Each structure stands twice: as structure tokens, then as C-alpha cells.
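Report on the structure given below.
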Amino acid sequence: MDKQRTYFYGFIAGFVLIILPVPHFFFWEDIIDIVDVVFQYSGFILLMVCVFPLVIEVFRNFYHR
């Protein structure tokens, strides 16, 4: 259950990183496109890393009943 909770929180954090707009601060005004892409890709990677084990664990628990 703790692994499922960790994967679920990672899934939520990855989803938020993908859809959350990056705030525009004056010190990264020139590199805002790069920062935005880094946030989106890190969110996507976190989402994928957490969603596959979560889905596998949920299906395993669902079909073992």
C-alpha cells in the first residue's frame, strides 16, 4: 500500500508539472522556453515512471480477488 501511495503521489506531481504554467520571473526571462520544456519533460518522465507500476499493481490486486 505504501508503494501505491508513493506512485500515486508521483503520478499527481508529474501531471501537475506537465499542465502547470511556469511563472515568469525577471531572472529567467531569456530562458523561459527552456525552463518550460524542462518542467514539461520532467513531469512526463515522472508521470511515466509512476503510472506503469501503479497500473500493474492495481490490476494485480483487482484480478487476484
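Just the number please: accessible area per residue for the chain, 1.4 Å probe, all protein chains included, in Å².
That works out to 84 Å² per residue.
Between GLU29 and MET48, what is the label-to-label distance in nm when each label sits 7 Å out along the Cα-to-Cβ direction?
Here the answer is 3.5 nm between the modelled labels.
Suppose only helical runs count, i.e. DSSP H with n ≥ 4. What mean residue ellipticity at 222 nm does that imply for the chain under -39500 (n - 2.57) per run, divided by all residues and rounded to the nearest 500 deg cm²/dmol?
Dividing the helical sum by the residues of the chain leaves -27500 deg cm²/dmol.
Putting +1 on Lys and Arg Cβ atoms and -1 on Asp and Glu Cβ atoms, find which of VAL55, TYR41, TYR9 reaches farthest to the positive end of the dipole of the chain.
VAL55
In the chain, what percent of the accessible surface is made up of carbon and sulfur (1.4 Å probe, ligands and nucleic acids excluded)?
Carbon with sulfur: 71 percent of the solvent-accessible area.
So how tilted is helix 32-63 from the main axis of the chain? Cα-based, degrees 0 to 90, rounded to 10.
Approximately 0 degrees, to the nearest 10.
The values are calculated or read from the model by the stated rules, or taken from the named source; none is laboratory data. This structure is a prediction, so every number in the text was calculated from the model and none was measured. Here Cβ is always computed from backbone atoms with ideal geometry, including for glycine, and neighbour counts include all displayed protein chains. Just the protein is used for accessible areas: all its heavy atoms, side chains included, with ligands, DNA and RNA removed. Shrake-Rupley method; radii C 1.70, N 1.55, O 1.52, S 1.80 Å.
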